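A short write-up of the structure that comes next.
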Amino acid sequence: MSQQQLQQLSQELQEIEEQIEALEESVEAVQQQKSETDEAIEALDTLDTESTVQVPIGGGAYLRATIEDIDEVIVELGADYAAELEEDDAVDALESKKENLDDRIDEINSEIAELETESEELEQQAQQLQQQAMQQQMQQMGQGQQPDE
(Lines give C-alpha, C1' and ligand atoms only; values in the text may rest on other atoms or scores of the structure.)
Protein backbone atom coordinates (compact mmCIF):
# COMPACT_ATOMS: atom_id res chain seq x y z
CA MET A 1 0.00 0.00 0.00
CA SER A 2 1.49 3.27 -0.96
CA GLN A 3 0.70 6.89 -0.49
CA GLN A 4 0.82 7.19 -4.27
CA GLN A 5 -2.13 4.79 -4.64
CA LEU A 6 -4.18 6.86 -2.18
CA GLN A 7 -3.34 10.06 -4.02
CA GLN A 8 -4.35 8.46 -7.30
CA LEU A 9 -7.68 7.34 -5.82
CA SER A 10 -8.22 10.79 -4.37
CA GLN A 11 -7.57 12.39 -7.74
CA GLU A 12 -9.97 9.97 -9.47
CA LEU A 13 -12.64 10.74 -6.87
CA GLN A 14 -12.15 14.48 -7.45
CA GLU A 15 -12.51 14.02 -11.21
CA ILE A 16 -15.70 12.01 -10.74
CA GLU A 17 -17.13 14.70 -8.46
CA GLU A 18 -16.40 17.33 -11.11
CA GLN A 19 -18.09 15.18 -13.77
CA ILE A 20 -21.13 14.72 -11.53
CA GLU A 21 -21.37 18.48 -10.93
CA ALA A 22 -21.17 19.17 -14.68
CA LEU A 23 -23.88 16.59 -15.37
CA GLU A 24 -26.11 18.03 -12.64
CA GLU A 25 -25.73 21.45 -14.29
CA SER A 26 -26.73 19.83 -17.59
CA VAL A 27 -29.85 18.39 -15.95
CA GLU A 28 -30.76 21.86 -14.68
CA ALA A 29 -30.28 23.35 -18.16
CA VAL A 30 -32.44 20.65 -19.77
CA GLN A 31 -35.10 21.09 -17.09
CA GLN A 32 -35.08 24.84 -17.85
CA GLN A 33 -35.65 24.05 -21.55
CA LYS A 34 -38.48 21.72 -20.56
CA SER A 35 -40.04 24.43 -18.40
CA GLU A 36 -39.85 26.91 -21.28
CA THR A 37 -41.46 24.32 -23.57
CA ASP A 38 -44.27 23.83 -21.04
CA GLU A 39 -44.80 27.60 -20.96
CA ALA A 40 -45.00 27.70 -24.77
CA ILE A 41 -47.56 24.87 -24.82
CA GLU A 42 -49.60 26.62 -22.14
CA ALA A 43 -49.45 29.90 -24.09
CA LEU A 44 -50.67 28.19 -27.25
CA ASP A 45 -53.50 26.59 -25.31
CA THR A 46 -54.63 29.85 -23.70
CA LEU A 47 -53.90 32.63 -26.22
CA ASP A 48 -56.23 33.64 -29.01
CA THR A 49 -55.96 35.84 -32.07
CA GLU A 50 -56.08 39.50 -30.96
CA SER A 51 -54.56 38.66 -27.53
CA THR A 52 -52.00 41.17 -26.26
CA VAL A 53 -48.63 39.74 -25.26
CA GLN A 54 -45.24 41.07 -24.21
CA VAL A 55 -42.52 40.17 -26.70
CA PRO A 56 -38.89 40.13 -25.54
CA ILE A 57 -36.63 42.20 -27.77
CA GLY A 58 -33.40 41.56 -25.85
CA GLY A 59 -31.56 43.23 -23.01
CA GLY A 60 -34.49 42.63 -20.66
CA ALA A 61 -36.75 44.89 -22.73
CA TYR A 62 -40.24 43.95 -23.97
CA LEU A 63 -42.79 45.35 -26.39
CA ARG A 64 -46.55 44.90 -26.20
CA ALA A 65 -47.88 43.24 -29.30
CA THR A 66 -51.21 41.96 -30.50
CA ILE A 67 -51.35 38.46 -31.93
CA GLU A 68 -52.48 38.83 -35.48
CA ASP A 69 -52.90 35.12 -36.24
CA ILE A 70 -52.38 32.26 -33.80
CA ASP A 71 -53.27 29.64 -36.40
CA GLU A 72 -49.66 29.48 -37.62
CA VAL A 73 -46.80 29.11 -35.13
CA ILE A 74 -43.08 29.11 -35.84
CA VAL A 75 -41.42 26.33 -33.84
CA GLU A 76 -37.69 25.66 -33.50
CA LEU A 77 -36.93 22.15 -34.66
CA GLY A 78 -33.28 22.10 -33.59
CA ALA A 79 -29.95 22.57 -35.40
CA ASP A 80 -30.96 26.18 -36.17
CA TYR A 81 -34.04 25.09 -38.12
CA ALA A 82 -37.61 26.23 -37.54
CA ALA A 83 -40.91 25.48 -39.20
CA GLU A 84 -44.22 27.25 -39.49
CA LEU A 85 -46.86 24.87 -38.17
CA GLU A 86 -50.56 24.98 -37.50
CA GLU A 87 -51.38 25.49 -33.84
CA ASP A 88 -52.20 21.81 -33.11
CA ASP A 89 -49.10 20.62 -34.97
CA ALA A 90 -47.02 23.15 -33.08
CA VAL A 91 -48.31 21.80 -29.76
CA ASP A 92 -47.53 18.25 -30.95
CA ALA A 93 -44.00 19.31 -31.94
CA LEU A 94 -43.49 20.94 -28.54
CA GLU A 95 -44.84 17.86 -26.74
CA SER A 96 -42.39 15.73 -28.74
CA LYS A 97 -39.57 18.10 -27.82
CA LYS A 98 -40.59 17.79 -24.18
CA GLU A 99 -40.45 13.98 -24.40
CA ASN A 100 -36.98 14.19 -25.92
CA LEU A 101 -35.91 16.47 -23.07
CA ASP A 102 -37.31 13.97 -20.55
CA ASP A 103 -35.30 11.21 -22.26
CA ARG A 104 -32.17 13.36 -22.09
CA ILE A 105 -32.75 14.02 -18.38
CA ASP A 106 -33.09 10.25 -17.80
CA GLU A 107 -29.85 9.60 -19.73
CA ILE A 108 -27.94 12.21 -17.73
CA ASN A 109 -29.34 10.90 -14.44
CA SER A 110 -28.20 7.39 -15.43
CA GLU A 111 -24.71 8.74 -16.09
CA ILE A 112 -24.75 10.43 -12.69
CA ALA A 113 -25.84 7.18 -11.00
CA GLU A 114 -23.02 5.27 -12.71
CA LEU A 115 -20.47 7.86 -11.60
CA GLU A 116 -21.81 7.80 -8.04
CA THR A 117 -21.46 4.00 -7.98
CA GLU A 118 -17.91 4.28 -9.28
CA SER A 119 -17.18 6.93 -6.66
CA GLU A 120 -18.49 4.69 -3.86
CA GLU A 121 -16.30 1.82 -5.08
CA LEU A 122 -13.22 4.05 -5.14
CA GLU A 123 -14.01 5.34 -1.65
CA GLN A 124 -14.22 1.75 -0.40
CA GLN A 125 -10.86 0.96 -2.03
CA ALA A 126 -9.34 4.03 -0.38
CA GLN A 127 -10.69 2.97 3.02
CA GLN A 128 -9.29 -0.53 2.58
CA LEU A 129 -5.90 0.85 1.61
CA GLN A 130 -5.90 3.15 4.63
CA GLN A 131 -6.82 0.26 6.93
CA GLN A 132 -4.03 -1.87 5.47
CA ALA A 133 -1.57 0.98 5.96
CA MET A 134 -2.65 1.39 9.60
CA GLN A 135 -2.31 -2.35 10.20
CA GLN A 136 1.19 -2.32 8.74
CA GLN A 137 2.15 0.63 10.94
CA MET A 138 0.78 -1.16 14.01
CA GLN A 139 2.74 -4.29 13.15
CA GLN A 140 5.92 -2.29 12.63
CA MET A 141 5.43 -0.48 15.93
CA GLY A 142 4.80 -3.79 17.67
CA GLN A 143 7.99 -5.30 16.27
CA GLY A 144 10.10 -2.33 17.30
CA GLN A 145 9.03 -2.50 20.95
CA GLN A 146 10.00 -6.08 21.76
CA PRO A 147 11.79 -6.46 25.14
CA ASP A 148 15.55 -7.02 25.13
CA GLU A 149 16.90 -10.29 26.50
Open item on the list: If I ask for residues that are within 19 Å of the chain's Cα centre (by Cα) and aliphatic (A, V, I, L, M), which ones from region 20-57 would you list?
Closed with: ILE20, ALA22, LEU23, VAL27, ALA29, VAL30
- [ ] Can you work out which of the residues in region 5-23 that are open to solvent by 80 Å² or more (accessible area, probe 1.4 Å) and of a type outside the set (D, E, K, R) is modelled with the highest pLDDT?
- [x] GLN19
Task: Lone unmet requirement of (1) farther than 16 Å from LEU85 by Cα; (2) free of Cβ contacts under 8 Å to residues at least 24 places away in the same chain; (3) surrounded by 11 or more Cβ atoms within 10 Å (Cβ to Cβ) for ILE67 - done: (1)
Open item on the list: Looking at (1) over 30 Å from GLN11 (Cα atoms); (2) without any contact (Cβ under 8 Å) to a residue 24 or more places away in the chain; (3) not small (Gly, Ala, Ser), which one does LEU44 not meet, given that it meets all the others?
Closed with: (2)
Open item on the list: When you check LEU13 against the structure, is it touching a residue at least 12 places away in the same chain (Cβ under 8 Å) and within 30 Å of GLN137 (Cα to Cα), yes or no?
Closed with: yes
TODO: Say whether the condition of being under 20 Å from GLU25 (Cα atoms), free of Cβ contacts under 8 Å to residues at least 12 places away in the same chain, open to solvent by 50 Å² or more (accessible area, probe 1.4 Å) and of a type outside the set (D, E, K, R) is met by at least one residue in region 122-138.
DONE: no
TODO: Return the only residue of VAL55, VAL91 being farther than 24 Å from ALA22 by Cα, β-branched (Val, Ile, Thr) and assigned to a strand (DSSP E or B).
DONE: VAL55
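The values are calculated or read from the model by the stated rules, or taken from the named source; none is laboratory data. All values derive from a computational prediction rather than experimental measurement. Here Cβ is always computed from backbone atoms with ideal geometry, including for glycine, and neighbour counts include all displayed protein chains. With ligands, DNA and RNA removed, areas are computed over all heavy atoms of the protein, side chains included. Shrake-Rupley method; radii C 1.70, N 1.55, O 1.52, S 1.80 Å.
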